[in-house]
Amino acid sequence: MSDTHTVKNVISQKLLAIVIIPTLLLAAATAIIGYNLTLKALAKGLESELGSVAAMTAFNINTRYPGDYELVGDEGFSLLKGGEDITRSYELVDMVGDETGLEVSLIYKDTRILTTITDKSGGRIVGTGIAEQVEKKLEDEGESVFYERTLIGRENFFSYYYPLTNSDGNLVGALEICSPYLPVSALAWRPVMVVTAMIVVVMVVLIVLIYNHSKDTGSATIKLLKFTQQAAKGNDAVELDPSVLARDDELGSIGNSVLEMHRSLRDMMDKDALTKLFNRRSANRKLDIIRSHYVNGGKSYSVAIGDIDFFKKVNDTYGHDAGDLVLITVSDVLQKHLKNRGFVARWGGEEFLLVFDKMDIKEAEAELWSILEELRATEIAYENLIIKVTMSFGVVCAPDLDQDEIIKLADENLYYAKESGRNRVISIIPKA
């Protein structure tokens, strides 16, 4: 074997070590960081969902059994609510569990009195306690608490604890709303594994290019590596060097593929999965950019919050598939009207944020009425039915205020629109 061949082998081995080892580390880092970021995002959404279910359940119980909780009995204890014995009223939790697919428990002091959670034999785990730190946190803070991993029986759950109080304000227990941990964890892994696999594929191609290209190819490779590393760390502002994208060889194609992958990942983080609109996280960022343009001498802008009227009735009457179709149809109408004029985002549930760039309150109000007219005329075909919906909007133009204050004013106008009859646009709340 010649010295040249030996040197080539040594160089090849070093190149492999330089490229493959960082590739494996990058893939591992992408998997770990991506998984944790995705899980955090899913947990945040789940916390809101569990909190809504808990508040709804507490309201239903208080409506059905108005009054205080009281434990009575000498030998066999019974839990009363407003004088009514609810010790074995499992329908209070079963109905919520059946409708939401979640596990529901009513806890008095530190003991589960009612629960949908069962053991291996199928028996309800009534009489079991909650963790001391949960009970202590509820007592110390007096507010709802959310845990990303709680061991109940032999299974881990995302758990939300909603405090229950009597009329004197004293804490008497909590509603525990739980969602199994493993399905959410598996869901968090899916996009991460796809992205990780794509990074590995890209890096394998880069190894081939390193063997066959000149110094400028190596320089382009380094730029591409820096981009993928930043992207894997969650830096969604990172840009790929234009010189890489301008190449007409394989490396240029890889650069474009990686950039598309990065954009797809950014869209996944920034867009609502159902409506394809911007989500709340990205909407806050985009609104901040528009506001900064105004502060630096730009034109005014208007902000509106819209809510689909009686959306819960649509879900209750026609089902959640119909509700999803309504959300998609409404989103398409809003997106059409906001194209090149600002942006629209799904603010949460059936609420939408609309930002009209370079438009004063009169222009924005007129556009909202135009949107409302189109929605009134829109017929949404679902199975053999026609669904029609309207919306209520609250709009403001107060660019000198900070972002939170603008949103608060728009929300107040929306609330007035809902309270004063719905199916309308409110820009000014009349003085009493």
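Read-outs: derived from the displayed coordinates by stated rules, not from any lab. Just so we're clear, the structure is a prediction, and the values are computed from it rather than from any experiment. Methodologically, a virtual Cβ is constructed for each residue, glycine included, from the backbone with ideal geometry; neighbour enumeration extends over all protein chains shown.
Find out how many positive minus negative residues lie around K120, taking Lys and Arg as positive, Asp and Glu as negative, among other residues whose Cβ is under 12 Å from that of K120.
Numbers: positive: R154; negative: D119, E155.
With Lys, Arg at +1 and Asp, Glu at -1, the net is -1.
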Residues D321, D332 in order from fewest to most other beta-carbon atoms within 10 Å are D321, D332
Past the 21 Å Cα-Cα mark, which pairs from K286/K388; K40/K271; K44/K339; K408/K431; K44/K81?
K286/K388; K44/K339; K44/K81
Would you mind checking which residues have amide H under 5 Å from Y382's amide H? H placed 1.01 Å from N; only 5 or more apart, or other chain.
I387
K44 and H293 label points (each 7 Å along its Cα→Cβ direction) are spaced in nm at 2.4
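Considering only DSSP states other than H, G, I, E and B, which GluC sites (Glu not before Pro) in segment 26-121 qualify as loop sites with at most 15 other Cβ atoms within 10 Å? Walk me through the numbers before you get to the answer.
Details: sites: E47, E49, E70, E75, E84, E91, E99, E103; in loops: E75.
Here the GluC sites (Glu not before Pro) that fit, given the DSSP loop and packing criteria, are E75.
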What is the set of long-range amide H partners of D309 at a cut-off below 5 Å, with H atoms built 1.01 Å from backbone N?
T390, M391, S392
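Grab the beta carbon distance between S243 and A398, set R0 = 51 Å, and tell me the FRET efficiency rounded to 0.05. Each step should come with its number before you reach the end.
Details: r = 44 Å, r/R0 = 0.87.
The pair S243/A398 has a calculated efficiency of 0.70.
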Extension gain from R280 to N256, taking 0.36 nm per residue of separation minus the Cα-Cα distance
5.8 nm
Which value in nm describes the separation of the simple spin-label points at E141 and L25, placed 7 Å from the Cα toward the beta carbon?
3.7
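Could you work out how much longer the chain between E70 and W369 gets when fully extended? Use 0.36 nm per residue separation minus the Cα distance between them, nm to one decimal.
On the way: separation 299, 0.36 × 299 = 107.64 nm, distance 5.27 nm.
Gain on stretching E70 to W369: 102.4 nm.
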Filtering GluC sites (Glu not before Pro) in segment 345-416 by DSSP loop and by at most 11 other Cβ atoms within 10 Å leaves E379, E383
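Give me V53, V172 ranked fewest to most by other Cβ atoms within 10 Å of their Cβ, as a rough exposure proxy. Intermediate values should be presented prior to the final figure.
On the way: V53 21, V172 17.
Placing the least packed residue first, the sequence is V172, V53.
As an exercise, identify the chymotrypsin sites (Phe, Trp or Tyr not before Pro) in segment 53-98 lying in DSSP coil whose Cβ has no more than 15 other Cβ atoms within 10 Å. Mind showing how you got there, number by number?
Working: sites: F59, Y69, F77, Y90; in loops: F77, Y90.
Answer in residue order: F77.
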From phi via Karplus (6.51, -1.76, 1.60), per-residue ³J(HN,Hα) for segment 416-421 in Hz, x at Gly/Pro:
5, 4, 5, 6, 8, x
